[in-house]
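Colleague: First, the structure itself, so that you have it in front of you.
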2 protein chains.
Amino acid sequence: MHRFFLPASSFSATEVHFPESVSRQIVQVLRLKVETEVTVLDGSGQEYAVRLTSVDAHLCVGVIESNQPCLNEPETQIDLYLCLTQREKFEWILQKCTELGVSRFVPVISSRSLVQEEKDFVKKLERWQKIIQEAAEQSHRARVPGIVPPLHFREALQQAAAEGRCRLIPWEEEHSLSLHAALQRHPQEHYAVLIGPEGGFSPEEVGLAQAAGFLSVTLGPRILRMETAAMAAVALILYDQGEMDA
Amino acid sequence: MHRFFLPASSFSATEVHFPESVSRQIVQVLRLKVETEVTVLDGSGQEYAVRLTSVDAHLCVGVIESNQPCLNEPETQIDLYLCLTQREKFEWILQKCTELGVSRFVPVISSRSLVQEEKDFVKKLERWQKIIQEAAEQSHRARVPGIVPPLHFREALQQAAAEGRCRLIPWEEEHSLSLHAALQRHPQEHYAVLIGPEGGFSPEEVGLAQAAGFLSVTLGPRILRMETAAMAAVALILYDQGEMDA
């Protein structure tokens, strides 16, 4: 069944008015007909069974038949601080890590980041939000993870420290502290994970992160590419906390 | 430092003769010079520190300065039975799961597989081997995971059953047995994991797999795409077995 996140303004007590962009998708891409059942989410954790009553590329309308809490969100919150890299790879990580269960993405500009022009960030952010929302719909999440405009490396460290989460930085030069040991040592419900760009962090950056309270952890003896490390770190933290169970 | 897997025929007691394809790469792509130190692996678990003594696009030669066991291989063996799908996605999974530590890939033709023409498989297999070898070099593995020609779904089930491994099939309709519970119940050193194509297995196929001794397991309430499920399953099994520690 198709799933759509809609803004609060789309809901009345009994009906849903689909925004124009979604209406167009319903009519022109998905070619759904009147009477089709869809699932609509308000992003607050509720999901609604909706039957389409009027189908038009400018405005689709549906009637709310029932609603219930959507219980697919992990209790463990992961903020993924993700260094900017080549566009395709970055977007791919946003998609996969949304499926897995990240709560929020914070793009980071590190010394080895491939930085897109900063003036493009507004446009980028829109595109990233769209990718994340589609992945959240596809993976049956109850909320759409947030994403904020890119921060420079030191700003990102400051923000993570100010928010007081357990901070982890997977690093290929860390050879003693395992992720599991770090999680055992800091049982929390909220983690900040910092993932380096292709080519890794500079040693200076790792030092700064450690000084800002990040624990460097190993993900094992095999050297993982950036996108593999991001996905593995998220999956393993959620698994360790029992969030990949039924 | 650059790493190269070479066939046994490349090694003498004191020297390494690089095959022509690798020599060309050394000269034309990497532009390495005489006296450069590289790491050479024989695929049996040994790694050799080699200093280039002669550099030529037809034949590079190096002297072996020392050798030692390469300890980056997991003890836990994972055979990944992977349904064929769109080329780019399939190759991407080969690359990422090699980094993570899969032992062997078995491509599978299921009812919803996007099957490439079977006559193309010889060429494909060569290409897949190359992708896997490069990923094994990049991730500092000691061995290159194997890959076999594609099997039809029932043949794949038979092979996995004949080899007697603990067989797991992540399935979005499984809502009780978690991966962790399955691993606890069957502590082994060798697993076969069957990953469905885009669109999932048909219910009939899941039934056949279960009859062939596959345990269906959940990877949690969020619906993962094929490539996310493959990577997550491999990473989580290795993590559960302590193979992602230092």
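The values are calculated or read from the model by the stated rules, or taken from the named source; none is laboratory data. Since we're looking at a predicted model, the values are computed, not measured. Cβ sites come from the backbone with ideal geometry, for glycine too, and all protein chains shown count toward neighbours. Surface accessibility is based on the protein's heavy atoms, side chains included, excluding ligands, DNA and RNA. Shrake-Rupley method; radii C 1.70, N 1.55, O 1.52, S 1.80 Å.
Colleague: What about residue B:206, is it within 11 Å of another protein chain (Cβ to nearest Cβ), part of a helix (DSSP H, G or I) and either touching a Lys or Arg at 6+ places or on another chain (Cβ under 8 Å) or closer than 19 Å to residue B:107 by Cα (or both)?
Modeller: Working: within 11 Å of another protein chain (Cβ to nearest Cβ): no; part of a helix (DSSP H, G or I): yes; either touching a Lys or Arg at 6+ places or on another chain (Cβ under 8 Å) or closer than 19 Å to residue B:107 by Cα (or both): yes.
Answer is no for this residue.
Colleague: Applying the selection to the range A:7-31, what residues are assigned to a strand (DSSP E or B) and either in contact (Cβ under 8 Å) with a residue 60 or more places away in the chain or touching a Leu at 6+ places or on another chain (Cβ under 8 Å) (or both)?
Modeller: The answer is A:16, A:17.
Colleague: Give me the residue from the range B:233-246 that is touching a Pro at 6+ places or on another chain (Cβ under 8 Å) and open to solvent by less than 10 Å² (accessible area, probe 1.4 Å) and, out of that set, farthest from the other protein chains (Cβ to nearest Cβ).
Modeller: Of everything passing the filter in the range B:233-246, B:233 is farthest from the other protein chains (Cβ to nearest Cβ).
Colleague: Quick check on this structure: which one of A:187, A:197 is part of a loop (DSSP other than H, G, I, E, B), in the same structural domain as residue A:82 (by TED's automatic domain parsing) and open to solvent by 40 Å² or more (accessible area, probe 1.4 Å)?
Modeller: So the residue among A:187, A:197 that is part of a loop (DSSP other than H, G, I, E, B), in the same structural domain as residue A:82 (by TED's automatic domain parsing) and open to solvent by 40 Å² or more (accessible area, probe 1.4 Å) is A:187.
Colleague: I would also like to ask the following. Can you name the residue in the range A:1-25 that is of a type in the set (A, V, I, L, M) and within 26 Å of residue B:223 (Cα to Cα) and is also most open to solvent (accessible area, probe 1.4 Å) among such residues?
Modeller: Checked the range A:1-25; the qualifying residue most open to solvent (accessible area, probe 1.4 Å) is A:1.
Colleague: Quickly run through the range B:107-142 and pick out the residues that are in contact with a helix residue (DSSP H, G or I) (Cβ under 9 Å, 6 or more places away or on another chain) and closer than 30 Å to residue B:48 by Cα.
Modeller: Passing the criteria: B:127, B:128, B:131, B:132, B:133, B:134, B:135, B:136, B:138, B:139, B:141, B:142.
Colleague: Within the range A:151-184, how many residues are buried (at least 17 other Cβ atoms within 10 Å of the Cβ) and outside any loop (DSSP other than H, G, I, E, B)?
Modeller: 16
Colleague: Among the residues of the range A:132-149, is there at least one that is of a type in the set (Lys, Arg), closer than 20 Å to residue A:233 by Cβ and within 13 Å of the chain's Cα centre (by Cα)?
Modeller: Among the residues of the range A:132-149, at least one is of a type in the set (Lys, Arg), closer than 20 Å to residue A:233 by Cβ and within 13 Å of the chain's Cα centre (by Cα), which makes the answer yes.
Colleague: Quick one: in the range B:216-232, which of the residues that are more than 7 Å from chain A (Cβ to nearest Cβ) and within 29 Å of residue B:72 (Cβ to Cβ) is surrounded by the most Cβ atoms within 10 Å (Cβ to Cβ)?
Modeller: Among those residues, the one meeting the criterion is B:230.
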